[in-house]
Amino acid sequence: MWAKLYSLVLDELGARGELDWSRCAIDSVNMRAMKGGDLTGPNPVDRGKYGSKIHLITERTGLPLSVGISAANLHDSQALIPLVKGTPPIRSRRGPRRRKPGKLHADKGYDSSHLGEWLRQRGITHRIARKGVESLQRLGRHRWTIERTMAWLADCRCLHRRYERKADHFLAFTSIACTLICYHRLGGFPGSETGCRGTSL
């Protein structure tokens with residue numbers, strides 16, 4: 001149900017020409033799991049406390065196009081292919097539906113020759129920071145929008161601390177949060193930065 005609503009809002013954004021596929025970005029954010037449950041694991045950046053990870057692909061301005069969840073100890077690189085494949089076909093102002101980024105930006109956690117080749121085979125240009133070579137500051141010029149979106153998600157109370165033991169429930173709340181962010185772009189929630197802040201989410 002919530003995934004369907006999310007897709008409908010994305011379709012409306014696409015039909016209005018509000019989605020910019022030219023530069024997309026992929027990243028993840030960790031959330032602490034207070035009661036354990038499905039798709040949780042020790043978080044290497046939170047002293048091994050159990051948590052879950054939200055994975056996102058956003059378009060150029062930071063609107064989330066594809067979302068997934070995993071245990072906190074899943075390596076980011078393992079989420080790229082499922083996220084790209086999981087991007088729904090979204091309406092365009094003109095022409096056929098679209099589901100493929102023009103260019104995908106990623107940090108060093110996604111630096112893999114296998115992933116680069118997989119993207120090239122699908123006609124997706126990539127800009128993945130190379131381990132031990134490039135500074136994140138250069139890549140950050142195009143990735144700040146996804147970092148802002150992840151901060152918005154972390155500001156939602158039901159995501160910042162995961163209390164749902166079932167992964168499907170946590171994913172549903174994540175989809176609702178992404179829907180609210182996108183709905184805000186359509187003109188919803190006047191005076192609210194995202195539609196998430198200050199709500200019961």
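Just so you know, all these numbers are worked out from the coordinates, no wet-lab data involved. Keep in mind that what you see is a predicted model, and the values were worked out from it rather than measured.
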Inset, instruction - Report ³J(HN,Hα) in whole Hz for each residue of the range 146-157, in order, from the Karplus equation J = 6.51 cos²θ - 1.76 cosθ + 1.60 where θ = phi - 60°; Gly and Pro get x. - result: 6, 5, 5, 5, 5, 5, 4, 4, 5, 7, 7, 4
Legend entry - Max mean-square fluctuation residue, GNM over the chain, Cα-Cα springs under 10 Å, options Trp21, Trp152, Trp118: Trp118
Inset, instruction - Compare Ala151, Ala72, Ala177 in a GNM of the chain, Cα atoms joined below 10 Å, and give the one with the largest fluctuation. - result: Ala151
Legend entry - Option label - Cα Rg over 2.2 N^0.38 Å computed here, alternatives (i) 1.17; (ii) 1.10; (iii) 0.99: (iii)
Inset, instruction - Give me the distance between the Cα centres of the range 167-182 and the range 75-117, rounded to whole Å. - result: 19
Inset, instruction - Sum up the lysine pairs in the chain that clear both bars: alpha-carbon distance under 24 Å and a spacing of 8 or more or different chains. - result: 22
